[in-house]
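The values are calculated or read from the model by the stated rules, or taken from the named source; none is laboratory data. The structure presented is a predicted model; accordingly, all values stated were derived computationally and were not measured. Positions of Cβ are generated from backbone atoms using ideal geometry, with glycine treated the same way; all protein chains shown enter the neighbour counts. Just the protein is used for accessible areas: all its heavy atoms, side chains included, with ligands, DNA and RNA removed. Shrake-Rupley method; radii C 1.70, N 1.55, O 1.52, S 1.80 Å.
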Amino acid sequence: MEHAPAWLTSSLIYLSAAVLVVPLSKALGLGSIIGYLVAGIAIGPWGLGLVSSVEDVLHFAEFGVVLMLFLVGLELEPKRLWSLRRPIFGWGSAQVLSCAAVLFAVGWAVGAPWRVALVAALGLALSSTAIALQVFGERNLLKTPSGQAGFSILLFQDVAAIPILALLPLLAGATAAEQSISGLDRALEALKIVGVIAGIILGGRLLLRPILRWIARSDTPEIFTAAALLLVVAIAALMQFVGLSMALGAFLAGVLLAESEYRRELETDIEPFKGLLLGLFFIAVGMSINFGVLLANPGVMALLVVSFLVIKLVVIYALAKAMGLAYQERPVFTLLLAQGGEFAFVVFQAAGPDVLPPQTTSLLIGAVALSMLLSPLLLVLLDKFVLPRYSHAGGPQLEEISEQQDAKVLICGFGRYGQIVGRLLMSQGLRVTVLDHDADTVEGLRQFGFRVFYGDATRLDLLRTAGAGTARAIVVAVDDIEQSLDIVDLVRENFPQARIIARARNVTHLFQLRDRGVQDIEREVFESSLRSARSALEALGWPAAEAREASMRFRQRNLKLSDEIYPHYKDRAKLIAANKAGRQQFEEQMAREREERKLRSEPGLGPARRRRTSGRREGVLRPQVRPARSGTRPRGRSPVRGSA
């Protein structure tokens, strides 16, 4: 293939390595990340030597981390991000500063120059965002306290990279003239940084949504995909221009679009690119491990890797305990943050020979890469030998459902909603299989005599074991919206014989379920809220019949309005217009009916005059309310309530 273009041969090499090694790694129970790292080692300079330009590949593959942070940002609305400000700047700063302080003290104590010890400590204190978030996502831990805490700390590390890079030129020892110039340059750089971040925030609020709406109206899906990639690339380029983290800029853009009607389309379009580039990033990390330095100084390298991992493990575990994380969640949280991070490569290379000697730089980069290789391996050992005993010591440790079930009804999620459904069915003598992924909930319900199994209903194998293949009805009652949609997708694709009965958290969730063809949907607080409104009307002196009638009319109109706005819920402008028009029509109708009730209750008006007055006030709408005055119907009862 001497005359083949470089992109063709490179694609062939990378894709072949990934396709051959990653499935094998997964089959051995080692996970996909180890597969990618081993594939990189195999094709890298110290393996078969098929690829030599490792740094170029690493820089390109870092875009996978950028896309990942953009998708994470899409899951965080600005209000939710604001609620995480204390964990981000509180626990995040505590992790970086405490790890860096201990590493610096140890490095200085063993005789390293203070500049070398400081830069090494700052770089080694950072963790791998790519590996940590990948593992948190694979284990469905991002919504747990440990996942939220880990994400907050990783986000702070991206922010902390800015002052760390700004500190490096000062450590290099510039002359007085250079310092005065650099001081002015730093002021200009600070203004540039503020301007770019402000531009991203304002542009995201004012420009991005109209632009995406305009592109979407062109009805060319491939152009919308190109626009999604262009958005991330442009923001990454802006952040790179001012010397900031590209991933941080992409994350900010994702947060600004988290409330956009195009959020799901953006996720769908970018997810495949993120997965491929993230895999390429791990391959590039495997290729970057310099086994020459390792073989030349095996004792020093082993001591360096073990020392910084043990120090970070101890410090981060103490931090996890201080944060009040659950006993069972601390080991995975600690291990994922103890490894070195991809940004350490940037820190060590940016330090240059004036701060770090080349030999030291190679040792530090090799140590970080080895820690990223060892971390998934340690995680496998943790799962097999540590977590079973660890979890049992701290609380209920339950085996996942393993015996095949055959009940005709399967309930996924047995919280406050699922319990009512299950208890009613059980009271009728029906056999029900219940699946819940919270060990404490399962243990507590079993003590009350409920037949509940432990397991994550978003896993296809557990759904099969729970009897989804033979069930006639599957009730999706989980609290988390994303998990609910994932379960529905799995059931519709793999168990079409089952009728899906779903709980909707809100109107948007309702529409997303309807997009998937689900017909039996109940909004979780809708009916109970209507009953509370009826009680409030009765407390104000309304007759019970009229209060019930008003709530039923409102219920029917609300359901009808949901049907009217459903086709437009992805177009924010049309959604708002349809919603306002529907509410206005309903309020006008209710106002006319209130006026009618008032006329009926006014003393001194005969029936004929009340009819004439009502007709003059209501105009052409008089025939619609005339039957309500018939003596054959109770007062306040409307014959058209079913069509309201």
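A 1.4 Å probe run over the protein chains yields, for segment 187-233, 62 Å² of accessible area per residue, whole-number rounding. Taking packing as the residue-averaged number of other Cβ atoms within 10 angstrom, the listed peptides 545-555, 79-89 run from highest to lowest as 545-555, 79-89. When the accessible area of segment 298-364 is computed with all protein chains present and a 1.4 Å probe, what percentage of it is carbon and sulfur? The computed percentage sits at 70. Peptides 572-582, 112-122 ranked from most to least packed, by the mean per-residue count of other Cβ atoms within 10 Å: 112-122, 572-582.
The label-point distance for Glu538 and Glu522, in a model that sets each label 7 Å from Cα toward Cβ, rounds to 2.1 nm. All other residues whose Cβ lies under 12 angstrom from that of Glu524 are scored, Lys and Arg at +1 and Asp and Glu at -1, for a net of +1. At a probe radius of 1.4 angstrom, the accessible area of segment 249-317 per residue rounds to 36 square angstrom. Evaluating 6.51 cos²θ - 1.76 cosθ + 1.60 at θ = phi - 60° for every residue in segment 257-269, the Karplus couplings come out as 9, 5, 9, 6, 6, 9, 4, 5, 5, 4, 4, 5, 6 Hz, glycine and proline recorded as x.
Roughly speaking, what is the stretch gain from Arg80 to Asp406, that is 0.36 nm per residue apart minus the C-alpha to C-alpha distance, in nm to one decimal? Numbers along the way, then the final one.
Details: separation 326, 0.36 × 326 = 117.36 nm, distance 4.10 nm.
Length gained, Arg80 through Asp406: 113.3 nm.
For segment 42-54, 3J(HN,Hα) computed residue by residue from phi via the Karplus equation (6.51, -1.76, 1.60; θ = phi - 60°) reads 5, 9, x, x, 9, x, 7, x, 6, 10, 10, 7, 5 Hz, glycine and proline entered as x. Annotation for Ser10 and Arg464: the two label points, set 7 Å from Cα along the Cα-Cβ direction, are 4.0 nm apart.
What's the carbon and sulfur percent of segment 400-544's accessible surface, probe 1.4 angstrom, rounded to a whole number?
On the way: 3640 of 7470 Å².
Roughly 49 percent, rounded to a whole number.
Given the peptides 258-270, 61-73, arrange them by the average over their residues of other C-beta atoms within 10 Å, most packed first. List each step's numbers first, then the result.
Numbers: 258-270: 17.8, 61-73: 23.9.
Put in order of decreasing packing, that is 61-73, 258-270.
Distance from the alpha carbon centroid of segment 515-549 to that of segment 429-481 works out to 29 angstrom. Scalar couplings 3J(HN,Hα) for segment 450-459, obtained by applying the Karplus form with A = 6.51, B = -1.76, C = 1.60 to θ = phi - 60°, are 7, 8, 10, 10, 8, x, 8, 6, 7, 9 Hz; x denotes Gly and Pro. Here's how it looks for Ala504: its modeled amide H is under 5 Å from those of Glu522, Arg523, Glu524, which are all 5 or more places away or on a different chain. With all protein chains kept in place, the per residue accessible area of segment 99-140 amounts to 37 square angstrom at a probe of 1.4 angstrom.
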